[in-house]
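Asker: Right, I'll just put the structure down here and ask away after.
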Amino acid sequence: MKYGFIIDNRKCIGCHACTTACKSEHEVPVGVFRTHVKQVEKGTFPDTRRLFSVMRCNHCTDAPCVEICPVEALYFRPDGIVDFDKDRCIGCKSCMQACPYDALYIDPDTHTAAKCNYCAHRIDVGLEPACVNVCPEHAIISGDMENPDTEIAQLLSREQTNVRKPEKGTIPNLFYIDGDAFSLVPSSTDRSDNYFWSEQSHGVGHFAKNTEKLALSDAQYTEKLAYNGDDLMKTLMQNNGQTTETDGTPQKSIDVLTGQNVKRVYDAPDKGILWGWEVAAYVMTKAVSAGAFLVPFIGMMMGKVENSTQLNWWTVGVGMLFLMITGGLLVKDLDRPDRFIYVLLRPQWKSWLTKGGFAITIYGGLLAILGGLTWFGVQNGILMMLLQGFTAATAVIVAVYTAFLFAQAKGRDFWQSPVAVLQMATHSIMAGASAYLITGATGFLQNNSFFNVILGVGIVVNLLGMLVELTMTHPTADGKRTVQAILKGQYTTDFWTKAIGLGNIIPLAMLYFANGDSFVMALAGVLVLLGIYFTERIWIEAPQRIALV
Ligand code: SF4
């Protein structure tokens, strides 16, 4: 048994009855939607046409929202419905980052994630979903796709259908008959301020506080991205199962089949930046905590750093302090911070948020044991060696797990980059060395050129990593648009001045000319930590500016 939906665009009249029936059935608050009707207009007055596309959860067979959820709040039912349990949800918003279709929202009343659940409570008593029941045109068809006697199975075998973003590999179970590529491919139309109810594009209700007014209007921003229309058209044509010849000139919002203008005229509110400064800050503090152990450990392995009580105390102190700040930021970012412990008590092991949560907890425990042994004067011996080896392995996981978490967030194309692991590992090494140099200025730790050198090497590797990241061919139009937002768009100034200049080039020069001056080296360390924060902020924010619907 496998439930699915067909949206028959030949019949939809854009009446929004499905939207309101769903709102009523599930008491969905103002400003958020489980289903909505996106509207796109084609042509020039008076020769125009308005196209409607019902948007909602696709009840994917390979649902990334289920995989990333750390507490099994999202789950598959045996009948294929992807349902959720609001009593489990911790409000981490990772499902919203993972869903390529923007199907989830945070309920402003419960502060937990919600979405279309196929009206599972109605299905269980033999009824159809509320939207199917209310549709005056029978444009929404539900049912068991594996039963050949159902209408949905027969339509699927008879009609040509398409789905949204098939390239994501999620295997959506919502099919469109006569699906229009300009409605189904988000980047094919601008999100502007100039359409019906469009004041909602800056957020209402819960999202008003999260949705920033951009320095540029969305229309200017999209213009500034100046993405390559050729790539876009290829995507559109591929999604339509067609091919086309284009000359490479930007053809934004022109239907190449008909030559008509196309514009988005009605949509759901923009959800804004879901992961903001807290996530960028916690990635940085986590890097300091892991690096505080890893850098001296690498130094000891290479024979460049001597094991000492003072160094052990420093490692334990800095590692623990920044781990606690990391935990605090993680909890602060939750919409249900009161439930943070669910990650440990109700773990869903496929989620990298769960794996990361456990790695952080274990790392904290190992640092505490290390502190205890140092207190009792144990510095060497087999026990200490084993403990240090195990702690180093855990510190590596703490340093890089976020790269895997971002990769699970399939909604953000830019985060799918394999370079992210290298970047997180490098940031950790840079952060650990920086923390040492900063402490060095207080006189608590001895000057050691190893930390100076490893920070310099870290900066060079970091710059090379960014060069690869921003010059390699990102496979999707959204990935390319993010790169352009960083290099030639909204984030350009911050990228060149804060991330590259302040965070890498200036400290690299300071290290080179420091000549053993511990104050200059400490200042370089402070700038590097700021640079890591600014880089992560850009890397985390920029992809969230790309519309998913
Ligand atoms: Fe629904 Fe999105 Fe999850 Fe797919 S990934 S099941 S569309 S919420």
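Asker: Could you list, in sequence order, the residues of the range 421-451 that are assigned to a helix (DSSP H, G or I) and modelled with pLDDT under 95?
Answerer: Passing the criteria: 440, 449.
Asker: Now for a different question. Grab the helices (runs of 4 or more DSSP H) fully contained in the range 326-412, keeping just those with 3 or more residues being crowded, with 19+ Cβ neighbours inside 10 Å and more than 20 Å from the chain's Cα centre (by Cα).
Answerer: Per the criteria, 352-375, 381-408.
Asker: Still on this structure, please answer the following. Looking at this structure, is residue 113 within 14 Å of the ligand (Cβ to nearest atom), crowded, with 21+ Cβ neighbours inside 10 Å and under 16 Å from residue 343 (Cβ atoms)?
Answerer: Yes: the conditions hold for residue 113.
Asker: Next question, about the same structure. Regarding residue 61, is this residue more than 15 Å from the ligand (Cβ to nearest atom) and of a type in the set (S, T, N, Q)?
Answerer: No: the conditions fail for residue 61.
Asker: Among 71, 37, which is the only one that is over 22 Å from residue 356 (Cβ atoms), more than 9 Å from the ligand (Cβ to nearest atom) and crowded, with 20+ Cβ neighbours inside 10 Å?
Answerer: 37
Asker: Now a separate question. Mind listing whichever residues of the range 28-79 are under 17 Å from residue 14 (Cβ atoms) and among the hydrophobic types (A, V, I, L, M, F, W, C)?
Answerer: The answer is 33, 37, 40, 51, 52, 54, 55.
Asker: Mind checking which pairs have a first residue in the range 294-313 that is under 24 Å from residue 424 (Cα atoms) and in contact (Cβ under 8 Å) with a residue 40 or more places away in the chain and a second that is among the acidic types (Asp, Glu) and part of a helix (DSSP H, G or I), Cβ under 8 Å, 6 or more apart or different chains?
Answerer: none
Asker: Based on this model, can you work out whether residue 87 counts as within 14 Å of the ligand (Cβ to nearest atom), part of a loop (DSSP other than H, G, I, E, B) and of a type outside the set (A, V, I, L, M)?
Answerer: no
Asker: List the number of the failed condition for residue 81; all other conditions in (1) within 16 Å of the ligand (Cβ to nearest atom); (2) touching a residue at least 60 places away in the same chain (Cβ under 8 Å); (3) surrounded by fewer than 19 Cβ atoms within 10 Å (Cβ to Cβ); (4) more than 20 Å from the chain's Cα centre (by Cα) hold.
Answerer: (3) is the only condition that residue 81 fails.
Asker: OK, next. For the condition in contact with a strand residue (DSSP E or B) (Cβ under 7 Å, 6 or more places away or on another chain), touching a residue at least 60 places away in the same chain (Cβ under 8 Å) and surrounded by fewer than 23 Cβ atoms within 10 Å (Cβ to Cβ), what is the one hit in 48, 61, 44?
Answerer: Numbers: 48 fails: touching a residue at least 60 places away in the same chain (Cβ under 8 Å); 61 fails: in contact with a strand residue (DSSP E or B) (Cβ under 7 Å, 6 or more places away or on another chain).
Matching residue, one of 48, 61, 44: 44.
Asker: While we're on this one: Being closer than 17 Å to residue 384 by Cβ and modelled with pLDDT of 95 or more: is that true of residue 331 here?
Answerer: The answer is no for residue 331.
Asker: Next up: Against the conditions (1) over 28 Å from residue 519 (Cα atoms); (2) surrounded by 21 or more Cβ atoms within 10 Å (Cβ to Cβ), where does residue 470 fall short? Just the number, please.
Answerer: For residue 470, the failing item is (2).
Asker: On the given criteria, is residue 128 more than 10 Å from the ligand (Cβ to nearest atom) and out of contact with any strand residue (DSSP E or B) (no Cβ under 9 Å at 6 or more places or on another chain)?
Answerer: Values: more than 10 Å from the ligand (Cβ to nearest atom): yes; out of contact with any strand residue (DSSP E or B) (no Cβ under 9 Å at 6 or more places or on another chain): no.
Answer is no for this residue.
Asker: Could you tell me which residue of the range 90-102 is farthest from residue 169 (Cα to Cα), considering only residues that are in a loop (DSSP other than H, G, I, E, B) and within 14 Å of the ligand (Cβ to nearest atom)?
Answerer: By that ranking, first place goes to 93.
The values are calculated or read from the model by the stated rules, or taken from the named source; none is laboratory data. Note that the coordinates shown come from a computational prediction; the quantities given were computed from them, not determined experimentally. Note that each Cβ is placed from the backbone with ideal geometry, even for glycine, and that neighbours are counted across all protein chains shown.
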